[in-house]
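Here is the structure we will look at.
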Amino acid sequence: MNRRNFVTAGLSLAALALFTTGCTTTSGNPGDPALQREAIDSAVDSALSRLYQEAPGSKEIVASARGVLVFPSVISAGFIVGGANGQGALRRGGKSTGYFRMTEASVGLQAGTQSQAVFILFMTQDALGRFEASRGWTAGVDGSLSLLTVGANARVTTQTAQQPVVGFVLTNSGLRANVSLNGTRITPLDL
């Protein structure tokens, strides 16, 4: 197989994987906004509970944030060219105030699929205000996003979160390090 056919096959496989996996945060009647919001909120609650359990100190940082975007199940797939897609909610004061879609495209050495939970914390009112005023927000372009890293004891401290916008990525195997969300596009859902 020549290189051109190989790349074309990789692109087709990545697109097919993303479109067939869909988003697992919504179930029931996809046309009923109330059911979609309920499904997303339930998945957000579960993802936050898991984060609090796996990363001591994360509950305090989430509580001190002005707002937190939670994407409970971001499905990533790719073969040479890849992408990711997921739905989530913005929480302020423990209540959902908006619903959003996260999308991402990437090129590079990659193969396979993965599901991960993504948490984006707006630590200042200014950062949250800029996000809420946008009709589409791109990490690294519209706002700098620093991923929180945890030490060997997996403890998060307030000194870990000194940036206006910080995030966690949680996979089935725990907190994920060495990941970038720059270029990730977040747009509002009309629910």
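Average projection, convex hull of the Cα set of the stretch 32-95: 5.7 square nanometres.
Extension gain for GLN162 to ARG92 (0.36 nm times residue separation, less C-alpha to C-alpha distance): 23.3 nm. Rounded to the nearest whole Hz, the Karplus-based 3J(HN,Hα) values (6.51 cos²θ - 1.76 cosθ + 1.60, θ = phi - 60°) of the stretch 70-76 follow the sequence 10, 10, x, 9, 9, 8, 10, with x at glycine and proline. Extension gain for the segment TYR52 to ASP190, taken as residue separation times 0.36 nm less the Cα-Cα distance, is 46.8 nm to one decimal. Among residues other than PRO33 with Cβ under 13 Å from its Cβ, the summed charge is -3 (Lys and Arg +1, Asp and Glu -1).
Bear in mind that the values in this text are calculations on the coordinates, not laboratory data. All values derive from a computational prediction rather than experimental measurement. In this analysis, Cβ positions are derived from the backbone assuming ideal geometry, glycine residues included, and neighbour counts consider all displayed protein chains.
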